[in-house]
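Chemist: I am attaching a structure below and will ask some questions about it afterwards.
The values are calculated or read from the model by the stated rules, or taken from the named source; none is laboratory data. None of the values given here were measured: they were computed from a predicted structure. No Cβ is skipped: glycine too gets one built from the backbone with ideal geometry, and neighbour counts run over all protein chains shown. Accessible surface is based on the protein model in full, side chains and every heavy atom, while ligands, DNA and RNA are left aside. Shrake-Rupley method; radii C 1.70, N 1.55, O 1.52, S 1.80 Å.
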Amino acid sequence: MIKLNQLFADVRVLLLTLSLLVLAGCDVERRKSDAELGLNPQQAAGRKLYDNYCDRCHEPYSTHGKKGPGLKGIFKNQYLPLSGLPTNDDRIIDIVKYGRAKMEGFSQVMTDEQIKDLIAYLHTL
Ligand code: HEC
């Protein structure tokens with residue numbers, strides 16, 4: 001009986017280790033370098049801003065939602081996924097500056113120049 005318990009414990013440790021390895025593997029695959037993504041300096045600057053201010057609520061490389069909708073391919077679609085607003089620079093700049101519903105605005109946090117960099121990055125998603 002004791003041996004059987006020990007066996008179950010071992011199997012559990014093994015499964016946990018394996019799932020952690022799989023998760024770590026996914027993470028490595030998901031996070032590409034700026035160079036791998038072919039980002040120019042402006043887009044790379046925008047990516048840093050995205051990491052700082054947007055990533056906690058929006059997935060960049062998935063349409064899967066966090067607190068807000070995933071932004072993968074955001075500029076490739078004619079309309080925004082949640083609000084159905086037309087997708088264009090001016091609309092997105094407004095949303096970033098002034099917010100929407102539960103999303104705060106960032107006009108106090110980022111300069112217009114920085115928001116332009118951010119938009120340049122969003123175009124690469
Ligand atoms: C605290 C969480 C949070 C942060 C941080 C945040 N957002 Fe949002 N965002 C949301 C939520 C929630 C919505 C949905 C609002 C609504 O109900 O219309 C949203 C909506 C949006 C939309 C419109 C989507 C649609 O389909 O209408 C865009 C575009 C967007 N966010 C971009 C950004 C960008 C770019 C940043 C970084 C500057 C950012 N968000 C930061 C939570 C967040």
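Okay, residues lined up against (1) more than 6 Å from the ligand (Cβ to nearest atom); (2) in contact (Cβ under 8 Å) with a residue 24 or more places away in the chain; (3) under 14 Å from the mean Cα position of the chain (by Cα):
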{"position": "A45", "(1), (2), (3)": "yes, yes, no"}
{"position": "D51", "(1), (2), (3)": "yes, no, yes"}
{"position": "C57", "(1), (2), (3)": "no, yes, yes"}
{"position": "K66", "(1), (2), (3)": "yes, no, yes"}
{"position": "Q78", "(1), (2), (3)": "yes, no, no"}
{"position": "Q108", "(1), (2), (3)": "yes, no, no"}
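Chemist: In segment 99-125, what count of residues is obtained for those that are over 16 Å from C57 (Cβ atoms), in a helix (DSSP H, G or I) and out of contact with any Lys or Arg (no Cβ under 9 Å at 6 or more places or on another chain)?
Modeler: Residues flagged as over 16 Å from C57 (Cβ atoms), in a helix (DSSP H, G or I) and out of contact with any Lys or Arg (no Cβ under 9 Å at 6 or more places or on another chain) within segment 99-125 amount to 5.
Chemist: Also, quick follow-up: I need a count of the residues in segment 85-96 that are out of contact with any Leu (no Cβ under 7 Å at 6 or more places or on another chain) and open to solvent by 40 Å² or more (accessible area, probe 1.4 Å).
Modeler: Number of matching residues: 7.
Chemist: Could you run through segment 80-96 and say how many residues are under 21 Å from V109 (Cα atoms) and more than 9 Å from the ligand (Cβ to nearest atom)?
Modeler: 4
Chemist: Still on this structure, please answer the following. Does segment 108-120 contain any residue that is open to solvent by less than 20 Å² (accessible area, probe 1.4 Å), in contact with a strand residue (DSSP E or B) (Cβ under 6 Å, 6 or more places away or on another chain) and not hydroxyl-bearing (S, T, Y)?
Modeler: no
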